[in-house]
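Engineer: One structure follows; several queries about it will come next.
The values are calculated or read from the model by the stated rules, or taken from the named source; none is laboratory data. Just so you know, these numbers come straight off a predicted model, no measurement behind them. A quick note on method: Cβ atoms are made from the backbone with ideal geometry, for glycine too, and the neighbour counts reach across all protein chains shown.
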2 protein chains.
Amino acid sequence: MGEEGQLTAVFAALADPTRRRILTQLSQGPARVGEVAAHFEMSAPAISQHLKVLERAGLISRTVQAQWRTLSIEPEPLDEASAWIAKQRTEWDARLDSLAEHLEVMKSRHENSNEAKE
Amino acid sequence: MGEEGQLTAVFAALADPTRRRILTQLSQGPARVGEVAAHFEMSAPAISQHLKVLERAGLISRTVQAQWRTLSIEPEPLDEASAWIAKQRTEWDARLDSLAEHLEVMKSRHENSNEAKE
């Protein structure tokens with residue numbers, strides 16, 4: 001899975017309210033599968049399916065401690081998704097800045113030409 | 001469409017490399033549909049479908065100038081998606097900080113108890 005595939009998997013994983021709520025819960029700290037499932041009125045296979053999507057996107061990891069399977073959030077893919085969004089915003093803001101500059105130049109030329117006429 | 005529905009639509013729209021490339025192109029400034037389509041070896045209906053998904057998520061808008069349909073990026077939904085991600089990261093970082101603090105306290109207690117023994 002390349003960088004593009006990774007981003008696609010992360011955004012697809014985030015495109016579901018249940019999966020976003022699971023991540024919000026895990027951002028408070030690692031939790032067992034049962035603790036996560038307890039927050040949702042959903043069948044165990046449905047929760048398990050959501051966890052698989054999050055895991056494949058690299059957003060969560062599972063570790064086995066004693067007999068317990070613990071889920072943890074993995075922040076790196078969130079950072080990559082965030083960086084992608086930030087990049088578009090930066091380009092867009094730069095574009096707005098250069099438009100504003102352009103308008104300033106136009107305005108000052110206009111004022112200068114008016115002064116010359118006076 | 002509530003806030004959750006909006007976020008779901010935005011993340012689903014971003015979960016496609018073609019749609020992300022369209023946004024990257026439009027972050028450089030508004031463009032006509034034909035200029036966007038020229039960047040992709042894709043049928044007009046396929047591009048049109050991607051534009052519809054972006055438009056429904058509120059990520060782009062269309063304006064008609066003379067006979068031209070112009071596409072512009074709309075930054076607000078990107079900001080909302082970014083804010084959601086940032087929130088999870090902040091919670092997670094706060095959790096790591098409080099763990100680190102807890103470890104410091106444990107360590108200093110341990111050192112004090114060792115000094116007491118000496």
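Residue-by-condition table, conditions (1) modelled with pLDDT of 90 or more; (2) within 28 Å of residue A:60 (Cα to Cα); (3) under 15 Å from the mean Cα position of the chain (by Cα):
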| position | (1), (2), (3) |
| --- | --- |
| B:2 | no, yes, no |
| B:13 | yes, yes, yes |
| B:45 | yes, no, no |
| B:76 | yes, yes, yes |
| B:102 | no, yes, no |
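Engineer: Do the conditions hold for residue A:37, that is, is it aliphatic (A, V, I, L, M) and at pLDDT 95 or above?
Structural biologist: So residue A:37 fails the test.
Engineer: Can you name every one of the helices (runs of 4 or more DSSP H) wholly within segment B:5-100 that holds 3 or more residues which are within 10 Å of chain A (Cβ to nearest Cβ) and surrounded by 13 or more Cβ atoms within 10 Å (Cβ to Cβ)?
Structural biologist: Counting at least 3 such residues, we get B:17-26.
Engineer: Here is a follow-up. Considering only residues that are of a type outside the set (S, T, N, Q) and in contact with a Lys or Arg (Cβ under 8 Å, 6 or more places away or on another chain), which ones fall in segment A:26-50?
Structural biologist: Answer for segment A:26-50, where residues must be of a type outside the set (S, T, N, Q) and in contact with a Lys or Arg (Cβ under 8 Å, 6 or more places away or on another chain): A:29, A:32, A:33, A:39, A:40, A:50.
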